[in-house]
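The values are calculated or read from the model by the stated rules, or taken from the named source; none is laboratory data. Small disclaimer: the values here were computed from a predicted structure and weren't measured. Here the Cβ positions follow ideal geometry from the backbone for every residue, glycine too, while neighbour counts run over all protein chains shown. Accessible surface areas use protein heavy atoms only, side chains included; no ligands, DNA or RNA. Shrake-Rupley method; radii C 1.70, N 1.55, O 1.52, S 1.80 Å.
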Protein chains: 2
Amino acid sequence: MGQVVVGVDLGGTNLRTALVSADGDILDKRKEDTRAADGWKKVVARLVDNITRQREIAVQRGLHVMAVGVGAPGVIQIDKGIVVKSPNFPDWNHLPLRDELEKALRIPVSIENDANAAALGEQWRGAGRGIDSMILLTLGTGVGGGIIVNSKIWQGADGMAGEIGHMTLIPDGRPCGCGNTGCLEMYASARGIVQSYREALGMTEATQASEVTSATIYEAARSGDAVALWVMKDMGRLLGIGIANLINIFNPQMIVLGGGVKDAWDLFIGAMHEEIMRRAFQVPAERTKIVPSLLGDDAGMIGAAAGALQKIQPREG
Amino acid sequence: MGQVVVGVDLGGTNLRTALVSADGDILDKRKEDTRAADGWKKVVARLVDNITRQREIAVQRGLHVMAVGVGAPGVIQIDKGIVVKSPNFPDWNHLPLRDELEKALRIPVSIENDANAAALGEQWRGAGRGIDSMILLTLGTGVGGGIIVNSKIWQGADGMAGEIGHMTLIPDGRPCGCGNTGCLEMYASARGIVQSYREALGMTEATQASEVTSATIYEAARSGDAVALWVMKDMGRLLGIGIANLINIFNPQMIVLGGGVKDAWDLFIGAMHEEIMRRAFQVPAERTKIVPSLLGDDAGMIGAAAGALQKIQPREG
């Protein structure tokens, strides 16, 4: 009987589950609303329901689900499978997600930070195949990070490494939800881009609140709107400072950019490269391939599945 | 016959060599002036002379030198043993130091960046014993960095990782020799401290050029000089920004601070801790031990010796 795992990408908006083969092929996938506002008990029940549905599908196909891997946003203590804190799930405080799921599902569950899961996915089946040092940045509502060295996620001493979005770029810059000021996330995320546009136009939070989104800014920039173009270049410049730091610190083979802001690739990539060449050492700067993610929304599920497989088939390293 | 290695710390000022046992004990050490201005040929000849003298001492003690490890400042391509560029050795451009030494000595030679060597030394026999994730910062004339993950130096794709001194702290800050502006090195090094003091007093390069050194500034601060005290606090604050970034990115077990500026520990450590707690995530910030180096000037030789031993007795990783 074929052995498979379930990979879960638990986002603030969407809850995605996939049946994934031992080779990383997606055999089935589904998506529904997370409805985080319902509170943690209902979200966990929804997770259990979706995973159970995937197990039923596996049985119908003569397959057996060995384990479940979950990528969840926020600060995760990997070794304990606890979601310490998650901006998208305000009532999740030190939630023992792994234990809750194992109790309900009665198979091994691994929990991973969502950006780490996406990095693993891209390395296994996406832009980073064959690459053993890679940094993934997800430029979405916020900025997540996943670091791969020696072909493995660098988890850190508490499983909390990779918070690249909270690297300080501008010491006295914008206040960030994490308590710091001037974090990369406050400039290179969808939210940061919207804020930059509002600031450039002298708009307050109250004015036209519903009208400006990152998508409308990309559209305006592509129609030649000078302010929107400047905002996207400035975002590229600031992202470039952060990436130059990563290049000088890690000298990685590759940096993968994922998340919704990737849609604006053409609008920021020039300014980003210029800033990197200005700030990073030449040899590592020229060698680092900076590429868009290949797997898109599937990266997290495939990477979470990789985490589940590693849990049941530990590899030497 | 006992097997030993020679560890070399090639600094811009001092050339240190040690006979090191397989357990990391220093059996003999010597120091002489590097005299970098004599040009690379004479410096390499001086290296060969010093290493040869250590081999003679080994023979006298019934020991056999198996290999040589060298820690050298600047940008090193580890795999090729080339010193790409070194601020302390202006005429060293892509110098094949390993090949030059192997040709003269006829035993295996490994070349390592000096800060990486010091990090290895501290992990093997110093502050980082038993620690598997550690970052060493050498706060000297400049700022060097060595990163240990999974108990090994992270070399990067070109052997050029760990240039932590060239993390941008202040995007439009002081111009750095590396071509960037606002590097950590321009604030948290002896040179940076002197520059801060001069700026605070409105001094130009020309005035009292010979009178102000980092040591006189520490002395003034300890005598209650308000400007010197402020300069050291500000240095701590800026170092704290850089370390907070490292904590958020790596979540390491330990950060070791070495180099001459460590002598001013009491003058900057408070401001540094304050800034870290303000900027880094709480769990990793509270867990990271920040400690002074234990081995001092011996760290580089011991670490270089560790590199030589790894070259002749490769360990699984």
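For chain B, what is the accessible area per residue in Å² when the probe is 1.4 Å? Please report the intermediate quantities before stating the final value.
Numbers: 12640 Å² over 317 residues.
On a per-residue basis, 40 Å².
The trypsin sites (Lys or Arg not before Pro) of the range B:29-119 that meet both conditions, a loop assignment by DSSP and at most 14 other Cβ atoms within 10 Å of the site Cβ, are B:ARG35, B:ARG61, B:ARG106.
With a/c under 1.5 counting as rounded, go ahead and sort the range A:256-317 into rounded, prolate or oblate using the C-alpha gyration tensor (a ≥ b ≥ c being the square roots of the eigenvalues; past the cut-off, prolate if a/b is larger than b/c, else oblate).
Values: a/c = 4.97, a/b = 1.70, b/c = 2.93.
In terms of gyration-tensor shape, oblate.
Using the Cα centre of the protein assembly as shown as the reference point, and only Cβ charges (+1 on K/R, -1 on D/E), how large is the resulting charge dipole? Debye, rounded to the nearest 20.
Numbers: 64 positive and 72 negative charges, 215 e Å.
The calculated dipole for the protein assembly as shown is roughly 1040 debye.
Each of A:GLU199 and B:LYS31 was given a label point 7 Å from its Cα along the Cα-to-Cβ line. The distance between the two points is 4.8 nm.
Considering only B:MET254, B:THR168, B:VAL44, the residue lying farthest towards the positive end of the dipole of chain B is B:VAL44, judged by Cα position with unit charges set on Cβ.
Size estimate for chain B follows the Kirkwood approach: the inverse of mean 1/r over distinct Cα pairs works out to 20.0 Å.
Amide H contacts of B:SER110 (H built 1.01 Å from N, in plane; Pro and chain starts excluded): B:VAL68, B:GLY69, B:VAL70 sit under 5 Å, all sequence-distant by 5 or more or on other chains.
Can you tell me the FRET efficiency between B:HIS64 and A:LYS80 if r is taken as the Cβ-Cβ distance and R0 is 45 Å, rounded to the nearest 0.05? Provide the component values of the computation, followed by the final result.
Values: r = 49 Å, r/R0 = 1.10.
So the FRET efficiency works out to roughly 0.35.
The fraction of accessible area contributed by carbon and sulfur in the protein assembly as shown is 49 percent, rounded to a whole number (1.4 Å probe; ligands and nucleic acids excluded).
Using a Förster radius of 56 Å, what is the FRET efficiency between A:ARG53 and B:VAL291 based on their Cβ-Cβ separation? Nearest 0.05, please.
Values: r = 51 Å, r/R0 = 0.92.
For A:ARG53 and B:VAL291, the calculated efficiency is 0.65.
By the gyration tensor of its Cα atoms, with a ≥ b ≥ c the square roots of the eigenvalues, what is the shape of the range A:119-255: rounded for a/c under 1.5, prolate for a/b over b/c, or oblate?
Values: a/c = 2.35, a/b = 1.78, b/c = 1.32.
Taking the square roots of the gyration eigenvalues as a ≥ b ≥ c, the range A:119-255 is prolate.
Could you tell me which GluC sites (Glu not before Pro) in the range A:156-227 are loop residues by DSSP with no more than 14 other beta carbons within 10 angstrom of their beta carbon?
Values: sites: A:GLU163, A:GLU185, A:GLU199, A:GLU205, A:GLU211, A:GLU219; in loops: A:GLU163, A:GLU205, A:GLU211.
Of the GluC sites (Glu not before Pro), the ones in loops of the range A:156-227 whose Cβ has at most 14 other Cβ atoms within 10 Å are A:GLU205, A:GLU211.
Scanning residues 5 or more positions from A:GLY11 or on other chains, those with amide H under 5 Å from its amide H are A:ARG16, with H placed 1.01 Å from N in the peptide plane. Under 5 Å between amide hydrogens, built in the peptide plane, is the criterion, and for B:GLN3 it picks out B:HIS64 among residues at least 5 positions away or on other chains. When nucleic acids and ligands are ignored and a 1.4 Å probe is applied, B:HIS166 ends up with an accessible area of around 20 Å².
With +1 on each Lys and Arg Cβ and -1 on each Asp and Glu Cβ, and nothing else charged, work out how big the dipole of the range B:8-54 is about its Cα centre, in Debye to the nearest 20. Don't jump to the answer; show the numbers that get you there.
Details: 9 positive and 8 negative charges, 52 e Å.
The dipole of the range B:8-54 has a size of about 260 debye.
Checking every one of the trypsin sites (Lys or Arg not before Pro) in the range A:110-215 against DSSP loop status and a limit of 12 other Cβ atoms within 10 Å picks out A:ARG129.
Counting only Cα atoms, I'd like the Rg/Rh figure for the range A:129-202, Kirkwood definition for Rh.
Values: Rg = 14.4 Å, Rh = 13.4 Å.
Reported Rg/Rh, Kirkwood definition of Rh: 1.07.
Across the range B:26-74, counting alpha-carbon atoms alone, Rg and Dmax equal 12.3, 37 Å.
Mean sequence separation of contacting Cα pairs (under 8 Å, at least six apart), scaled by the length of chain A, corresponds to a relative contact order of 21 percent. Among rounded, prolate and oblate, which fits the range A:213-317 when a ≥ b ≥ c are the square roots of the eigenvalues of its C-alpha gyration tensor, a/c under 1.5 means rounded, and a/b larger than b/c means prolate? Since a/c reaches 1.5 but b/c is at least a/b, the shape of the range A:213-317 is classed as oblate. Here the Karplus relation 6.51 cos²θ - 1.76 cosθ + 1.60, evaluated at θ = phi - 60°, turns the backbone of the range A:21-35 into coupling constants of 6, 5, 9, x, 7, 7, 9, 7, 9, 9, 9, 9, 5, 6, 6 Hz, with x for every Gly and Pro. Enter the Cα centre distance for the pair the range B:231-307 and the range B:136-164, rounded to the nearest angstrom. The range B:231-307 and the range B:136-164 have Cα centres separated by 13 Å.
What FRET efficiency, computed as 1/(1 + (r/R0)^6) with R0 = 22 Å and r the Cβ-Cβ distance, is obtained for A:THR213 and B:ASP172, rounded to the nearest 0.05?
Numbers: r = 30 Å, r/R0 = 1.38.
Calculated transfer efficiency: 0.15.
Each principal axis of the protein assembly as shown carries a Cα extent, and these read 77, 62, 43 Å when sorted largest first. Of the options B:VAL20, B:THR34, B:GLY142, report the single residue whose Cα projects farthest towards the positive end of the charge dipole of chain B (beta-carbon charges: Lys, Arg +1; Asp, Glu -1). Value computed over the given set: B:VAL20. For the range B:39-188, the relative contact order comes to 16 percent (Cα pairs under 8 Å, sequence separation of at least 6). Roughly how tilted is helix A:190-201, in degrees to the nearest 10 and between 0 and 90, from the longest Cα axis of chain A? Helix A:190-201 and the main axis of chain A meet at about 20 degrees. Comparing B:GLN282, B:GLN54, B:GLN155 in a Gaussian network model of chain B (Cα springs below 10 Å), the most mobile by mean-square fluctuation is B:GLN282. In square angstrom, rounded to the nearest 10, how much accessible surface does A:SER151 have for a 1.4 Å probe? In the full protein context, A:SER151 sits at about 60 Å².
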